[in-house]
Amino acid sequence: MRDFSYLRAGSVDAARQAAALPGAMLFAGGTTLIDLAKCGVAEPETLVDITHLKGLNGIELSESGATIGALAKMSHVADHDGIKSRFPAVSEALWQAASAQIRNMATIGGNLMQRTRCPYFRDPANFPACNKREPGSGCSAIGGVTRGHAVLGTSEACIAMYPGDLAVALVAFDAIVHLGDRQVPVDDFFLLPGTTPDKEHAIEPGEMITAIEIPGSASARRSTYLKIRDRQSYEFAAASAAIGIEFEADGRTIRDLRVALGGVATKPCRARAVEDALKGKMLEPDAVRAASLLAIEGAVDHGANHYKLELAPRVVARAILKMGETA
Amino acid sequence: MTVHNIRHGDASDGALAEVVGGRLSRVDGPAKITGTAKYAVERQLEGLAYAVLVESTIASGKVREINANAAEAAPGVLQVLTPDTIISLRTASDWFGTPPPDKPYCPLARDITFSGQHVAAVVAETFEQAVAAAALIKVSYDETHAIVDLSDAKAGDGIPIDAMTKEWGDAQAAFASAPVRICAAYNTPREYQAPMEPHGLIARWESDRLTVWEPSQWLDGMARTYAEWFGVPFENVRLVSPYIGGGFGSKALALSHGAVAACAAKMLGRPVRLVMTRPQTFTGYGGRAATRQTVTIGADRQGKIQSIVHRGVNETSIDGMWVEPLGSVTSIMYATPNFSSKQNVVRVNSVVPGPMRAPGENPSAFGIESAIDELAYEVGIDPLEIRLRNYAEQDPEAKKAWSTRQLREAFAAGAERFGWSRRTPEPRSMRDGNQLIGWGVAAGTYPVRRAYGEAIVRILADGSVEVESSSIDMGQGTYTILVQTAAETVGVPADHVVVKLGDSRLPRAGVAGGSRLAGVMTGAVHKAATSALDQLIGLAISDPRSPFHTLQANTLVVANGRMSSPRGDGPDVSISELLKSVGRDHIEATGDTMPANSTPEDRYKNYTTIAMALPHTEGDYSRHSWCAHFIEVRVDEDFGTVRVSRVVSALDSGRLYNPKLAESQWKGGIIMGIGQALLEEGIVDRRHGRIVNNNLADYLVPTNADIPDIEVISVGIPDLHSSVLGGKGVGELAIVGVAPAIANAVFHATGKRVRDLPITLEKLI
Ligand SMILES: Cc1cc2nc3c(=O)[nH]c(=O)nc-3n(C[C@H](O)[C@H](O)[C@H](O)COP(=O)(O)OP(=O)(O)OC[C@H]3O[C@@H](n4cnc5c(N)ncnc54)[C@H](O)[C@@H]3O)c2cc1C
Ligand code: SF4
């Protein structure tokens, strides 16, 4: 870890100005940033501490939905009554993320900005080749240990998995990322690696996440987040699904369905093919299982992550059926 | 040196907690919980400098050049150590005390045999400066092809280790003619001790005297190594290790990073601190070697074993030798008339593997205890019943009587509590919604390792008792059981006893490894305390100033800190009053359990090597601890995820010096076994020969959520062939057999036999 200067921002504007300087990085909970600095991946020249900014840690619910300040802690959002009742998938995604200690430190803004867990990305001393870290240097993961790498949204340049949970639920419910005045749909906020895996978010230097807005909906109200992993807690997803469902008045016909996948793709990923296949249909186990296979259409595995092709559709199906049961 | 007084025990345990066998709470607990316990590297010293290691990024080859210019110029840098600049050391003897070759030893490598080998170190005024400068060092290499692991085509069959060969009868012929035959291969991956407290030390020289503050499972053994490296007398090295944040075998030996720090301190003339990063703890020393075993069993149709043929292989490093004794459980668990076991070791480009909780027995049990389960299904007999049918009434290998073997009792008690009789035999026959339920059983064992120990017991003027030993407490409870031993033997309340451990200046002790320390040290303290008590009683009877002098008694009793006559007809005097009356300010006795004719050389060898350890089959008996694990798993049929939902284990560790601590160690072993079965695996990048999951986010150990309630039942009886007070081993026993019990339960749940640990979801999906 090299020396850096520390700056405590007095206002959002000041923070944005400071963050625009070369080598400057915003510092929120620090759970990603310090970790990456220890690995030698992040080498900030200036840390712009935003934790003291006022008015950014609120959670507001209105008719139209929820607005969560960028500095709200993961644990607070997870435990918020309004979020639990109107957006259960969001609360559940947060509860199943990281550990209690990390959730108490980490912020929602920082959470959206967390980086991949690709072991090659995290070890520059041993693996200089990493297009995400050093554009054009190559990809050490391809041909290496790929058990945790993505099967969807990969490119020749990078196959790193997006590891977060919250954003999967946000993508399912069309959340909007507020960058001060600018607003970006969360699906557009996360970028596919393509030929520029170093560019992960639709955010420019000098911009800062100020809030996340989640539109309320019937499907968000009846939603869940199912996360599957070898270890029961404190592990990233082997595969996960955020599901929301709304039935017609008959209680059986699917009016609206939201499906998003985690643990398998290079970004939090909406499975619209599954949604489209089931919307307007009755909720039948066989139909759900068949439609869930569409979740991994076009997926490409790299050997050790082949199991995700089997696992992901089963996670989607289980979550949909579970939501159906509670109808 | 650390001192422990009892502040408050566990009220629920009552006064009986204080004697040997009582449930006294850990006397070091409050200091740890309140944060006043200072660990070795937390020591604040004036002028402390900080060292950071630079490690090889290739697995095989040579260092061509180390460019340290930028690092040397970086702020705060005091020194850059490379193979060219570091002072030369002498090769030290191994832990058997084998005289070393007369050649220099350099803890920084020019010849690279594994990724993560120390090649340089930076010492700076602050830790951060050292880290920053270390990143500036440029090392160039001439790389050669590495042998990645056991499955590498270049690895070959390895080197036969003849000393591991065990044979009786004609195993091959008996196998060939057996009506039922099973044969399977079982693999365990590289596993890591991953103690909470990473390895590290502070080294300080004062002329030719070295003090090392370092977490250690063996102060005297490590002091010997440092002394030999630097060519100074053993007495000139002092090791201080008040608390140890977990070792699991990995803190028993002085390691190369310790040599680097001690060299830096000597060269700089300042104390130097060096602490490994978490990733370095995966390559700076060895974890459990990866192993492969094939187990073939020939049996009759009733499941009676006629032959076992076992072949094992473990990884070792290119230039070091580690043998993980894979036939250790195979040869003694079941009665078999014909047996053959052989073992090879294969050299691969990794750090030399090392001891990790129950080295040998642990992977060995995974092989034989899975194989007998396979045999049970093959012949259609209950897995518990087949174990009883093949029960070994004596040690089949040594052909000696067991000192004690409460394994039948363990099977009975465990089965009863678990409800084993309700098990339906067919795989996939028990379920709860999407969850397939499986019940598995497996046995475990660990030999009783014995050695000799030494302790001082002092009875002080205020009536308190002081115990001193250079043995250590890494959480297993040495402080506590020695309090209990001294309190009971002298006859004082436990809160009158102070135990000092963790300083090599104190009376000597052997390694805290192989589950031997409790038996060794309770024996030594018992002996020293008995002799201190005898002196006290002798004084009371014979000294004319004693209030007991006129009593004409030939013995007296001490209880609760007071002396009286057994008939109750004389005075009743506190120890402090008695000492005052006879004009003594203390009584001191040294006790050691060495044979009476031992020479000083014998003693040195006993405490600084493992060469004097007594074989567990010495004399007429074969001495082992035993256990039986009954485990329920739930496997999600869609996801392949395995959750352990119930554990009942019955264990025979002989007499328990403190059941509360023993239970907690057993549970710890079982938890570690759950991790081994389901999660733990060092994953190697085959192109680079490097472990890539070298941190605790990626190398998974169980969390609380992975652990169900664990019930442990003690079925042991005092075993006086094993130790002075009747205990056998506790610390390593309980991990042995957990992984096969889980694998067997997974088979029962799913019908899939997983023979490669860990049992991760993709193996079941
Ligand atoms: C061991 C471990 C396990 C984990 N497991 C999980 C898991 O299972 N699931 C999961 O979802 N996550 C997991 N995480 C990730 C964790 O959720 C993130 O580290 C955390 O949410 C980051 O938030 P923070 O406030 O600490 O961010 P910081 O570390 O402070 O910042 C992270 C990044 O975001 C930038 N940033 C911070 N705030 C803003 C803002 N307002 N606008 C723009 N940029 C900003 C920073 O500059 C930095 O680049 C895990 C992390 C660790 C270390
Ligand atoms: S997968 Fe992406 S992050 Fe990982 S090494 Fe390749 S380029 Fe880097």
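Bear in mind these aren't lab numbers, they're just calculated from the coordinates by the rules spelled out. None of the values given here were measured: they were computed from a predicted structure. All Cβ positions, glycine included, derive from the backbone under ideal geometry; neighbour counts span all protein chains shown.
Observations
- Once C-alpha pairs closer than 8 Å and six or more residues apart are averaged by separation and normalised to the residue number of the stretch A:5-49, the relative contact order reads 55 percent.
- Here the 3J(HN,Hα) profile of the stretch B:638-645, calculated from phi with Karplus coefficients 6.51, -1.76 and 1.60 at θ = phi - 60°, is 8, 9, x, 7, 10, 10, 7, 10 Hz, Gly and Pro shown as x.
- Summed residue charge, Cβ within 9 Å of residue A:139's Cβ, Lys/Arg positive, Asp/Glu negative: 0
- In chain B, Cα pairs under 8 Å separated by at least six residues give a relative contact order of 17 percent.
- Where N is the number of residues in the stretch B:350-404, Cα Rg divided by 2.2 N^0.38 Å: 1.49
- Measuring between their Cα centroids, the stretch B:384-462 and the stretch B:555-574 lie 44 Å from each other.
- Charged neighbours of residue B:553, selected by a Cβ distance under 12 Å, balance to 0 (K, R count +1; D, E count -1).
- Value of D in µm² per second that Stokes-Einstein yields for chain B, Kirkwood Rh from Cα pairs, at 25 °C (0.890 mPa s): 89
- Distance between the C-alpha centres of the stretch B:517-541 and the stretch B:651-681: 31 Å, rounded to the whole angstrom.
- Paramagnetic label zone (point 7 Å from Cα along Cα-to-C-beta, residue B:157; backbone N under 18 Å) in the stretch B:284-305: B:292-296
- Volume in Å³ per residue [convex hull over Cα atoms, computed for the stretch B:82-210]: 245
- For chain B, the residue among B:294, B:318, B:363 whose Cα projects farthest onto the positive side of the dipole built from Cβ charges is B:294.
- If only the Cβ of Lys and Arg carry +1 and only the Cβ of Asp and Glu carry -1, the dipole of chain B around its Cα centre is close to 360 debye.
- Pairwise Cα distances in the stretch A:27-121 exceed 17 Å in 53 percent of cases.
- Applying both filters, DSSP loop and at most 11 other Cβ atoms within 10 Å, to the chymotrypsin sites (Phe, Trp or Tyr not before Pro) of the stretch B:588-652 eliminates every site.
- Scattering curve values for the stretch A:5-49, log₁₀ I(q)/I(0), Debye with Cα scatterers, q = 0.28 Å⁻¹: -1.00
- Our compactness index for the stretch A:218-325, the C-alpha radius of gyration over the empirical 2.2 N^0.38 Å, is 1.04.
- Three-way shape label, the stretch A:159-275, alpha-carbon gyration tensor, a/c 1.5: oblate
- Pair-distance distribution P(r) for the stretch B:524-605, from all Cα-Cα distances in 10 Å bins starting at 0: 17, 44, 22, 14, 4 percent.
- Under 5 Å between amide hydrogens, built in the peptide plane, is the criterion, and for residue B:350 it picks out B:318 among residues at least 5 positions away or on other chains.
- Interchain or long-range residues, amide H under 5 Å from residue B:503's placed H: B:241
- Stretch in chain A that is longest and holds no GluC sites (Glu not before Pro) that DSSP places in a loop and that have at most 14 other beta carbons within 10 Å: A:64-155
- Compactness index (Cα Rg / 2.2 N^0.38 Å), the stretch B:503-653: 1.68
- Across the stretch B:679-687, rounded Karplus estimates of 3J(HN,Hα) from the backbone phi angles (6.51 cos²θ - 1.76 cosθ + 1.60, θ = phi - 60°) give 10, 7, 5, x, 9, 9, 6, 6, 7 Hz, Gly and Pro being marked x.
- The Cα center of the stretch A:261-300 and the Cα center of the stretch B:576-643 differ in position by 59 Å.
- Summarised in one figure, the compactness ratio Rg/Rh of the stretch B:115-156, Cα atoms and Kirkwood Rh, is 1.21.
- Note: the stretch A:87-170, Cα convex hull, 121 Å³ per residue.
- 10 Å Cβ shell holding at most 11 others, DSSP loop, GluC sites (Glu not before Pro): longest site-free stretch of chain B: B:394-765
- Computing FRET efficiency as 1/(1 + (r/R0)^6) for residue B:585 and residue B:618, where r is the C-beta to C-beta distance and R0 is 35 Å, gives about 0.25.
- Exercise: per-residue mean of other protein chain Cβ atoms within 10 Å, A:307-314: 4
- Shape metrics for the protein assembly as shown, restricted to C-alpha atoms - Rg then Dmax, Å: 31.6, 105
- The HN-Hα couplings worked out from phi for the stretch B:189-198 by the Karplus form 6.51 cos²θ - 1.76 cosθ + 1.60 (θ = phi - 60°) are x, 5, 10, 10, 5, 6, x, 4, 7, x Hz, whole numbers, x standing for Gly and Pro.
- Selection from A:253, A:107, A:316 lying farthest towards where the dipole of chain A points positive, charges on Cβ: A:316
- Gyration tensor over alpha-carbon atoms, chain A, equivalent ellipsoid semi-axes in Å: 32, 25, 15
- The ellipsoid equivalent to the alpha-carbon distribution of the stretch B:177-326 has semi-axes of 45, 15, 13 angstrom, derived from the gyration tensor eigenvalues as √(5λ) and listed largest first.
- Take each residue in B:632-642, count the other chain C-beta atoms within 10 Å of its C-beta, and the mean is 4.
- Per-residue [θ]222 nm for chain B (sum of -39500 (n - 2.57) over DSSP H runs n ≥ 4, rounded to 500): -7000 deg cm²/dmol
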